[in-house]
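Note sheet for the following structure.
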Amino acid sequence: MIRHIRPIPLLLAGMLVLPLAQAYTLEQFSFKDPEKTEEFRKLTEELRCLVCQNESLAASQADLAQDLRKEVYQMMRAGKSRDEIIRFLVARYGDFVLYDPPVKLSTYPLWFGPLILAGVGGFFLLRAIKKKKQAQDPDLSPEERDRLAQLLATTGNQQKTPK
Amino acid sequence: MSKSMRFLTPLAIFGVLVLLLFYGLYQDPHLVPSPLIGRPAPKFTLPALEDPKVTISNADLKGKVSLVNVWATWCVSCRAEHKELMRLAKVDGVRILGLNYKDDREDAKRWLQIYGNPYVANAFDADGRVGIDWGVYGTPETFLVDRNGIIRYKQIGPIDQQVWEKTLRPLIDKLKAKT
């Protein structure tokens with residue numbers, strides 16, 4: 001009776017299922033130990049997908065991300081430690097896979113550059129403040145001071161009597 | 001600090017910043033440098049594309065300067081690159097070993113029939129597992145491997161005439177000159 005199946009409803013039903021089937025999720029990667037499942041989720045969130053570079057391995061829908069999730073999953077099931085898995089990925093894809101770059105010679109500017117910039121900025125700021133303080137001592141002669149007081153007094157009076 | 005310095009210093013800092021940002025404009029963040037350069041090519045043993053009974057491995061890289069080209073029929077840029085690979089193999093006599101990545105065997109064979117085969121051999125990496133070992137993240141990618149099986153350079157994205165003339169050819173000539 002296969003001929004009696006109407007194609008349109010079938011197609012519509014298929015369209016409902018299709019989007020669900022296309023998306024990768026983390027649900028297929030579960031461990032007996034819920035702590036391990038959590039560890040897997042955390043680790044893949046700390047790793048960066050090389051294809052969609054602003055997404056984590058956990059979130060990315062790229063095929064490569066799925067392959068790497070499988071790889072990480074298998075390694076975890078084989079009892080590999082977090083460090084071993086990270087070393088495995090860094091050996092192949094470089095430090096780029098880490099959201100948290102390691103401190104080493106090539107990343108010194110990244111880690112210490114801002115501190116140096118803040119230091120240089122602080123130095124100039126302190127110097128500018130010191131200079132301002134010195135300049136605060138105005139060299140007014142006694143006559144100028146009297147005149148200044150007078151001027152201030154008159155403007156003060158005017159303000160007091162607005163009417 | 002003199003008065004002119006007070007104006008020139010921020011201007012100079014701004015100038016440096018502009019230069020840095022300008023430089024950044026021409027950097028492609030999708031080119032991730034491979035940690036494999038200067039290291040032995042990762043170990044692999046795979047069936048050949050044309051004949052599953054034939055095995056292709058690191059032994060096929062020993063003794064000759066080769067390009068290892070990662071490609072697939074679903075990869076649009078590979079199609080663009082293919083003409084250049086044909087030219088390299090035919091005109092310049094470059095030895096190209098193919099790594100057919102996550103592809104359909106029949107599709108790949110048909111591709112080579114239709115567009116020509118620039119490869120001395122093709123390894124068939126159906127699940128992309130060898131691709132992971134080589135740090136492949138987007139086809140086409142091409143590795144330059146020296147006589148001792150050490151990776152010397154990685155080209156990410158298609159090889160075109162410019163890449164060949166400016167980068168690959170000089171590197172290959174240098175490696176070939178070494179005895």
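The values are calculated or read from the model by the stated rules, or taken from the named source; none is laboratory data. Keep in mind that what you see is a predicted model, and the values were worked out from it rather than measured. All Cβ positions, even for glycine, are placed from backbone atoms using ideal geometry, and neighbour counts span all protein chains on display.
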How many residues, within the range B:128-150, are of a type outside the set (A, V, I, L, M), under 11 Å from the mean Cα position of the chain (by Cα) and not in a loop (DSSP other than H, G, I, E, B)?
3
Sort through A:43, A:50, A:89, A:64 and tell me the only one that's under 24 Å from the mean Cα position of the chain (by Cα) and outside any helix (DSSP H, G or I).
A:50
Could you check the range B:1-98 for strands (runs of 3 or more DSSP E) lying wholly inside it with 3 or more residues that are in contact with a helix residue (DSSP H, G or I) (Cβ under 7 Å, 6 or more places away or on another chain)?
B:66-71
Residues of the range A:99-114 being at pLDDT 90 or above and within 12 Å of chain B (Cβ to nearest Cβ), which ones?
A:113
If we scan the range B:72-89, do we find a residue that is of a type in the set (Ser, Thr, Tyr), surrounded by fewer than 16 Cβ atoms within 10 Å (Cβ to Cβ) and closer than 26 Å to residue A:69 by Cα?
yes
Can you name the condition, by its number, that residue B:174 falls short on among (1) exposed (fewer than 15 other Cβ atoms within 10 Å of the Cβ); (2) outside any helix (DSSP H, G or I)?
(2)
Among residues belonging to the range A:92-106 that are free of Cβ contacts under 8 Å to residues at least 24 places away in the same chain and more than 19 Å from residue A:67 (Cβ to Cβ), point out the one that is farthest from the chain's Cα centre (by Cα).
A:105
Of everything in the range A:71-85 that's within 14 Å of chain B (Cβ to nearest Cβ) and in contact (Cβ under 8 Å) with a residue 40 or more places away in the chain, which residue is farthest from the chain's Cα centre (by Cα)?
A:73
Enumeration of residues in the range A:31-59 that are at pLDDT below 90 and hydroxyl-bearing (Ser, Thr, Tyr)
none
Between a first residue in the range B:99-110 that is within 9 Å of residue B:72 (Cβ to Cβ) and a second residue that is charged (D, E, K, R) and buried (at least 21 other Cβ atoms within 10 Å of the Cβ), which pairs have beta carbons less than 6 Å apart while being 6 or more apart in sequence or on different chains?
B:101/B:125
Condition broken by residue A:77, with the remaining ones in (1) within 19 Å of residue A:31 (Cα to Cα); (2) touching a Pro at 6+ places or on another chain (Cβ under 9 Å) satisfied:
(2)
When residues of the range A:39-52 are limited to those that are touching a residue at least 40 places away in the same chain (Cβ under 8 Å) and within 14 Å of chain B (Cβ to nearest Cβ), the one nearest to residue B:33 (Cα to Cα)
A:50
Looking at the range B:116-141, I want the residues that are under 14 Å from residue B:73 (Cβ atoms) and within 11 Å of chain A (Cβ to nearest Cβ) and have a partner that is of a type in the set (A, V, I, L, M, F, W, C) and in a loop (DSSP other than H, G, I, E, B) with Cβ atoms under 6 Å, at least 6 apart or on another chain. Which pairs are those?
B:139/B:72; B:139/B:75
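What about residue B:35, is it without any contact (Cβ under 8 Å) to a residue 60 or more places away in the chain and either under 22 Å from the mean Cα position of the chain (by Cα) or more than 15 Å from residue B:157 (Cα to Cα) (or both)?
Working: without any contact (Cβ under 8 Å) to a residue 60 or more places away in the chain: no; either under 22 Å from the mean Cα position of the chain (by Cα) or more than 15 Å from residue B:157 (Cα to Cα) (or both): yes.
Judged against the criteria, residue B:35 is not a match.
Going by the structure shown, is residue B:153 in contact with a helix residue (DSSP H, G or I) (Cβ under 8 Å, 6 or more places away or on another chain), part of a strand (DSSP E or B) and closer than 23 Å to residue A:87 by Cα?
On the way: in contact with a helix residue (DSSP H, G or I) (Cβ under 8 Å, 6 or more places away or on another chain): yes; part of a strand (DSSP E or B): yes; closer than 23 Å to residue A:87 by Cα: yes.
For residue B:153, the condition - in contact with a helix residue (DSSP H, G or I) (Cβ under 8 Å, 6 or more places away or on another chain), part of a strand (DSSP E or B) and closer than 23 Å to residue A:87 by Cα - is met.
Does residue B:50 meet the test of being touching a Gly at 6+ places or on another chain (Cβ under 9 Å), among the charged types (D, E, K, R) and away from chain A (no Cβ under 14 Å)?
no
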Starting from residues that are part of a loop (DSSP other than H, G, I, E, B) and not aromatic (Phe, Trp, Tyr), keep the ones in the range A:95-112 and report whichever is surrounded by the fewest Cβ atoms within 10 Å (Cβ to Cβ).
A:100
